[in-house]
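Just so you know, all these numbers are worked out from the coordinates, no wet-lab data involved. All values reported here derive from a predicted model rather than from experimental measurement. Glycine also receives a Cβ, built like all others from the backbone with ideal geometry; neighbour counts cover every protein chain displayed.
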Amino acid sequence: MSEQKTLQEQIVAKATQDEAFRQELLSNPKAAVERGLGITFPQGTNIRVYEDTPDIVHIVLPMKVQSGEPRELSDAELEQAVGGAGGSVVLANDDGERLRVSASD
């Protein structure tokens, strides 16, 4: 049974197999992902990539809910969280605006 990989899993897999992509991902992440995976991000979307080292580990927290209160995920958000969403992912720009990004055909 093969599940569709999330965008992050696709990026990590490609960076693990392709050193040139990995280096571009570290120096120019948005262009690397757009070129390497055929994805177009909306204007204003920023991507930051960090590489763990033996003495630095990065932890990414999920976006904080605007109201500060926990809320139930919609079916679509739940499906995406478990990796079942097909072809698109939701990101947030630096202003906290949610953006849906789809892979190009």
If R0 = 25 Å, then Glu34 and Val60, at their Cβ-Cβ distance, give a FRET efficiency to the nearest 0.05 of 0.75
So for R0 = 25 Å, FRET eff. of Gln17-Thr45 from the Cβ-Cβ r, to 0.05, ends up at 0.50
